[in-house]
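**Student:** Once you've had a glance at the structure underneath, I'll fire off some questions.
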Amino acid sequence: MTDHTTQNLADLIDDFPIAMITSVGDAGALVAQPFAMQQQHHAFDGELWFLISAEASLVGRVHADPRVNIALSARDSWVSIAGHAEVVEDRAKTETMWDASAEAWFPDGKDDARIRVLIVHADSAEYWDTPGGLVATALSFVKSKATGEPLDIEHERVDL
């Protein structure tokens, strides 16, 4: 993994407000659900942290099979992270991760006894990015249609 690739991945991850976390459910069925991306409070180092309720169905699925995938999507970039998860009770981490979005899920505040931290340890990631943002994406799409050439998109696979 190059520093450039790592930095690109970290920069992309910082831009997404919502993650879809897919886990393995009953009889091997895949189950996805959205999670807010609280500020990570550190540079991406192969781990992503989320606040979760101890009562959430994902907690049971992670205990049964820790394999997960995180999907992040925007108009001009996409990230897929494969890894394994664990659920821990960490009051200090809860304190540092707490933000206004967490209040919607834990109205009793950051001292709610149900709060846990979901840590996703990334094993690999893939990202697709159209450098230059939405306008560049639109121009690249028009160019692709006019020339018959594939869309200009940056795609990388990263082993973490």
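Read the figures in this text as sums done on the coordinates, not as results from a lab. Remember, predicted model here, so these are calculated numbers, not experimental data. Cβ coordinates were reconstructed from backbone atoms using ideal geometry, including for glycine residues, and neighbour counts include every protein chain displayed.
**Student:** For a footprinting-style exposure proxy, rank His84, His63 by other Cβ within 10 Å, fewest first.
**Tutor:** His63, His84
**Student:** If you don't mind, another one. For Gly25, enumerate residues with amide H under 5 Å from its amide H, sequence gap 5+ or separate chain, H modeled in the peptide plane.
**Tutor:** Residues meeting the amide H criterion: Leu30, Val31.
**Student:** Taking 0.36 nm per intervening residue step and subtracting the Cα-Cα distance, what contour gain separates Ala100 from His63 on full extension?
**Tutor:** 10.5 nm
**Student:** Among rounded, prolate and oblate, which fits the stretch 1-113 when a ≥ b ≥ c are the square roots of the eigenvalues of its C-alpha gyration tensor, a/c under 1.5 means rounded, and a/b larger than b/c means prolate?
**Tutor:** oblate
**Student:** If r is the Cβ-Cβ distance from Arg157 to Val88 and R0 is 22 Å, what FRET efficiency results, to the nearest 0.05?
**Tutor:** 0.15
**Student:** Still on this structure, please answer the following. Distance in nm between label sites at Trp128 and Ile18, each 7 Å beyond Cα in the beta-carbon direction?
**Tutor:** With each label placed 7 Å out from Cα toward Cβ, I get 1.9 nm.
**Student:** Determine the gain in length on full extension of the stretch Gln7-Asp26; use 0.36 nm per residue of separation and subtract their C-alpha separation, reporting nm with one decimal.
**Tutor:** 3.2 nm
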